[in-house]
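The values are calculated or read from the model by the stated rules, or taken from the named source; none is laboratory data. What you are looking at is a predicted structure, and each value in this text was computed from that prediction instead of being measured. Here Cβ is always computed from backbone atoms with ideal geometry, including for glycine, and neighbour counts include all displayed protein chains. Side chains included, ligands, DNA and RNA excluded: accessible areas come from the protein's heavy atoms. Shrake-Rupley method; radii C 1.70, N 1.55, O 1.52, S 1.80 Å.
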Amino acid sequence: MTDLQNFRIETREWLSDNCPPSMRIPAQSDKDTCWGGRNPNFSCEEQKLWMQRMAAKGWTAPMWATEYGGGGLSREEAKILREEMAKIKARRPLNSFGIDMLGPALIKFGSEELKMQHLPPIVRGEIRWCQGYSEPNAGSDLAGLQTKATDMGDHFVVNGQKVWTSYADKADWMFCLVRTDSDGKKQMGISLLLFDMKTPGVTPKPIKLISGSSPFCETFLDDVKVDKGQVVGEINHGWTIAKYLLTHEREMIGGFGTRDAGFRSLGQYATESVGLKQGRLANQLLRNDVIRWEVDAAVFALTAERVSDEAKAGQGVGATSAMLKYYGTELNKRRFETMMKLKGGEAIEWEGAASREGWLARSWLRTKGNSIEGGTSEVQLNIIAKNILGLG
Amino acid sequence: MALIINEEQQMLRESAQGFFAEFAPMSELRRLREDDSDYCDLLWKRMVDMGWAAILVPEKYGGLGFGHVGMGQIMEQSGRALAASPLFSSAVIGVSAINLLGDERQKETLLPQIAAGQLMLSLAIDESRHHEPNDIALSALKTPEGYRLSGKKYGVIDGHSSAKLIVAARTQAEVGDKEGISLFLVDAKSSGLEILRTPTVDSRSVSIINFNEVIVPLENLLGPEGSGFAGLSSVLDIANAHLAAELLGIATESFDRTLRYLKERKQFGSLIGSFQALQHRTAHWWSEIELCKSIVLKCLSAIDEGDSRVPGLASIAKAKLCEVAELSTNEAIQMHGGVGMTDEYDIGFFIKRARPAQMLYGDYSYHGDRFAMMTGY
């Protein structure tokens with residue numbers, strides 16, 4: 001038996017012994033998502049247990065090196081872990097911008113000191129991070145950001161306003177893009193700073209969305225003092241890191257297209273919703289929508305697999321994260337549009353236990369943001385056209 | 001298995017690309033169109049010399065046993081070049097049908113001949129203008145002198161130039177039933193056989209074949225009598241996977257040519273590729289082609305691995321490639337503007353080949369429906 005086969009068996013056994021039963025049913029609502037942090041809001045004791053057990057093995061960040069608390073797994077091993085988790089429908093133990101976004105950038109660009117300070121608490125789910133990128137006047141044109149960090153010798157003083165900071169009101173630390181130099185090209189003179197949300201002058205204010213929820217905040221920064229040791233990489237060279245980090249954000253958001261919604265295929269969902277007539281979905285026009293979606297979703301999932309296999313083999317065009325983000329988010333929007341049509345009158349319910357407090361309507365509205373956040377679909381198409389196709 | 005092609009397959013892909021560029025340029029397609037012939041014998045001979053007719057033939061029957069991923073690379077490059085040849089009807093479908101359904105004697109006799117490029121076969125299946133393999137009505141009545149075939153077949157590719165036909169017929173049960181279907185190897189020179197060639201939009205042809213009490217020797221039954229549908233389905237899955245590969249080639253070449261044009265053509269004092277209206281459409285188009293590469297490779301690998309998901313994957317592949325080939329050939333003409341409409345520019349040839357390849361053995365509506373039925377809705 002090969003090492004990988006052994007690893008699979010051991011992993012299966014460990015998961016079987018350690019994944020609590022309630023963590024093997026699909027998430028029913030947002031509160032079933034575990035975010036950790038200084039003030040964790042566990043939905044139940046088992047959610048906490050599941051996060052802690054996985055964190056102890058470093059499997060909340062399976063491929064990070066063990067010296068930073070990670071699982072130290074190879075790509076193949078990490079894939080096996082994902083597969084075995086999917087097999088028992090295990091929930092993700094910890095959702096974290098620290099794992100999905102900041103971590104990879106810190107590992108690539110950060111000093112050893114910063115890595116040792118920040119990575120282990122991320123793996124353990126002790127510190128929850130938020131992203132300070134967009135500003136009221138720097139959305140798609142992110143490099144036009146104006147939040148200013150003034151050099152005071154051993155520290156910076158930061159002034160400005162961030163917007164669309166996900167869960168800033170619940171986060172413990174922020175990774176934040178600031179302008180450290182206003183001369184020259186706008187991409188130059190940007191730095192990536194890390195600071196505690198408890199620092200005086202940091203004020204997050206939730207933004208209510210069309211879905212009724214408030215996952216994002218405006219964050220006001222008034223004379224915020226940040227130690228110079230908390231700059232990731234070189235001062236004034238943060239744009240490269242920002243772009244790298246955005247690649248990870250795109251991959252994360254693009255992945256929404258195929259996962260969640262209870263591991264149920266849209267075909268099954270449709271069958272339960274409108275029924276069959278002589279073996280075919282009773283509503284013929286909606287059946288077409290469902291088929292087209294299922295075909296595209298199947299092909300998209302294979303593409304994510306192929307891109308990852310090519311990367312592993314050192315092939316491929318790179319920069320495909322823009323394509324995955326673009327296609328995955330548009331796919332997710334189509335999925336929810338179709339689900340709304342399939343549910344008819346039931347879909348428009350906003351409150352009440354029957355509709356799980358309007359879960360479908362709210363989720364549907366939330367998906368509209370998928371093709372805006374992390375760079376709009378149009379920005380992704382610009383990236384593909386310019387960087388991959390060479391259209392000037 | 002990883003979704004990447006190995007080094008040998010990559011070499012085959014590159015050699016096919018070079019081969020078609022040298023021996024099957026667009027000027028050759030124009031020449032064939034004037035000549036009224038479906039393909040060039042010399043080109044086919046060269047392909048046979050490359051060993052391509054033997055790729056799917058197992059080694060024990062004188063072949064290379066190189067597999068469907070390998071053959072798919074050639075089909076894709078052939079699609080790029082719009083190269084006409086009996087590769088698909090004989091070396092893909094013919095070989096697969098005999099290999100999957102034939103008995104030892106049939107394999108030993110026929111496979112080496114196909115591998116050597118000496119025997120051409122055509123599959124005769126559809127009986128209306130739409131692909132519906134359940135609806136086979138052509139009857140095969142067992143008599144002491146052999147099976148007596150009566151009926152009509154439509155849309156037989158390379159039908160007039162093949163020495164043998166693989167014919168799906170009904171030996172029992174009702175039309176619309178999956179039971180009662182049998183396959184036969186029918187000599188093209190059999191009496192009572194009438195083959196009518198019709199030129200098609202892609203400068204190739206299809207044949208309508210009338211079977212007027214054609215007598216087929218008993219030993220020419222291919223596969224089990226009355227329960228040939230499963231085997232036929234597998235052959236059709238293989239055929240559709242390779243059509244998807246060909247369509248991928250067509251889509252990719254349409255894209256590449258258009259991308260070059262966007263970087264050459266100037267209007268309003270700028271290259272038209274600098275206009276965002278075209279950039280976004282092109283980027284979307286590129287994304288769709290990236291998706292297609294994944295499903296074609298996955299489907300071909302699944303066939304090689306004997307994966308039970310092949311029927312579903314083949315339908316997904318064919319459906320998706322139908323959609324993207326249509327997108328590609330339409331966008332190609334639109335972005336070329338007026339010259340895209342002229343016969344002088346080659347870009348218009350791609351839509352003409354894509355449509356027959358889309359339609360053959362089921363288009364999006366057929367395969368989308370088939371896939372949904374397999375999934376239970």
Handout entry: Gap separating the Cα centres of the stretch A:4-18 and the stretch B:106-121, nearest whole Å
Key = 50
Exercise for the section: Pop out the ³J(HN,Hα) list for the stretch B:291-298 in order, Karplus 6.51 cos²θ - 1.76 cosθ + 1.60 with θ = phi - 60°, rounded to Hz; leave Gly and Pro as x. Expected result: 5, 5, 4, 5, 6, 5, 5, 4
Exercise for the section: Apply the membrane-span-like helix rule to chain A: whole DSSP H runs, Cα extent along the own long axis of at least 24 Å, mean Kyte-Doolittle hydropathy at least -0.5. List the helices found. Expected result: A:284-312
Completion exercise
The answer for A:E135, listing residues at least 5 apart or on another chain whose modeled amide H is closer than 5 Å to its amide H, is A:V163
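Could you estimate the translational diffusion coefficient of the stretch A:1-145 from the Stokes-Einstein equation, with Rh from the Kirkwood formula over C-alpha pairs, at 37 °C and 0.692 mPa s, in whole µm²/s?
Numbers: Rh = 16.4 Å.
After rounding, the answer is 200 µm²/s.
If you take all C-alpha pairs in chain A, what percent of them are over 31 Å apart? Don't skip to the answer; put the middle values down first.
Details: 31770 of 76636 pairs.
Every Cα pair in chain A considered, those over 31 Å come to 41 percent.
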Completion exercise
Relative contact order in percent for chain A (Cα pairs under 8 Å, 6+ apart) equals 12
Practice task
In whole angstrom, note down how far apart the Cα centers of the stretch B:189-265 and the stretch B:1-47 are.
Solution key: 17
Problem - Area of B:H160 that stays accessible when all protein chains are in place (1.4 Å probe, Å², to 10) - result: 80
Completion exercise
To the nearest 10 degrees, the tilt of helix B:104-115 (Cα long axis) against the first principal axis of the alpha carbons of chain B is 30
Problem - Per residue, in Å², the accessible surface of chain A once ligands and nucleic acids are set aside, probe 1.4 Å - result: 46
Exercise for the section: Can you give me the three principal axis dimensions of the protein assembly as shown from its C-alpha atoms, in Å, biggest first? Expected result: 99, 63, 54
Practice task
Calculate one ³J(HN,Hα) per residue across the stretch B:62-73 by plugging θ = phi - 60° into the Karplus curve 6.51 cos²θ - 1.76 cosθ + 1.60, and present them in order as whole Hz with x for glycine and proline.
Solution key: x, x, 9, x, 8, x, 6, 4, x, 4, x, 5
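Which whole number in µm²/s is D for the stretch B:122-226 by Stokes-Einstein, with the Kirkwood Rh taken over Cα pairs at 37 °C and 0.692 mPa s? Let's see the in-between values first.
Numbers: Rh = 13.6 Å.
Diffusion coefficient, whole number: 241 µm²/s.
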Completion exercise
Ignoring ligands and nucleic acids, chains A and B bury, in total, an accessible area (1.4 Å probe) to the nearest 100 Å² of about 3400
Completion exercise
Taking Cα atoms only, Rg over Rh for chain B with Rh from the Kirkwood formula is 0.98
Fill in the blank from the handout: The simple spin-label model distance between B:Q267 and A:R82, using points 7 Å out along Cα→Cβ, in nm, is 4.3
Handout entry: Binned Cα-Cα distance frequencies in the stretch B:254-377 - 10 Å width, integer %
Key = 12, 36, 29, 16, 6, 1
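Just give me a number: lysine pairs in the stretch A:258-388, eight or more positions apart or cross-chain, with C-alpha atoms less than 15 Å apart.
Lysine pairs meeting the criterion: 4.
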Handout entry: the stretch B:7-120 - Rg and Dmax from Cα coordinates, angstrom
Key = 14.1, 43
Exercise for the section: Quick one: what are the phi-derived ³J(HN,Hα) couplings along the stretch B:368-377, Karplus 6.51/-1.76/1.60 with θ = phi - 60°, whole Hz, x for glycine and proline? Expected result: x, 5, 4, 4, 5, 4, 5, 8, x, 9
Problem - Listed peptides A:293-302, A:20-29, B:292-301 by packing density, highest first (mean Cβ within 10 Å) - result: B:292-301, A:293-302, A:20-29
Practice task
Sort out for me the Cα centre separation of the stretch A:71-101 from the stretch B:327-377, rounded to whole Å.
Solution key: 40
Handout entry: GluC sites (Glu not before Pro) within the stretch B:282-352, DSSP loop, no more than 12 other Cβ atoms inside 10 Å
Key = B:E344
Completion exercise
Within the stretch B:122-226, pairs of Lys residues whose Cα atoms are less than 17 angstrom apart, provided they are eight or more positions apart or on distinct chains, add up to 5
Handout entry: Rg in Å to one decimal, and Dmax rounded to a whole Å, for the stretch A:157-197 via C-alpha atoms
Key = 11.8, 36
Problem - Mean accessible surface per residue for the stretch B:74-148, computed with a 1.4 Å probe while every protein chain stays in place, in Å² - result: 34
Exercise for the section: List the residues whose amide H sits under 5 Å from the amide H of B:Y147, counting only those 5 or more places along or on another chain, with H placed 1.01 Å from N in the peptide plane. Expected result: B:V216, B:L218
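From largest accessible area down, sort A:M85, A:M323; use a 1.4 Å probe on the protein chains.
Values: A:M85 25, A:M323 0 Å².
I get A:M85, A:M323, largest accessible area first.
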Exercise for the section: Would you tell me the accessible area of A:Y326, worked out with a 1.4 angstrom probe on the heavy atoms of the protein chains, in Å² to the nearest 10? Expected result: 30
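Could you state, as a whole-number percent, how many of the C-alpha pairs of the stretch A:299-392 are farther apart than 21 Å?
Numbers: 2114 of 4371 pairs.
More than 21 Å apart: 48 percent of the Cα pairs in the stretch A:299-392.
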Fill in the blank from the handout: If amide H atoms are modeled at 1.01 Å from N in the peptide plane, then the residues at a separation of 5 or more from B:S205, or on another chain, having amide H under 5 Å from its own are B:D158, B:T200
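Cα convex hull of the stretch A:129-237: how many Å³ per residue? Let's see the in-between values first.
Details: hull volume 9.8 nm³, N = 109.
Here the figure is 90 Å³ per residue.
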Handout entry: Rounded tilt (10° steps) of B:229-262 against the dominant C-alpha axis of chain B
Key = 20
Exercise for the section: Treating the angle as unsigned and between 0 and 90°, give the value, to the nearest 10°, between the Cα long axis of helix B:310-336 and the longest Cα principal axis of chain B. Expected result: 40
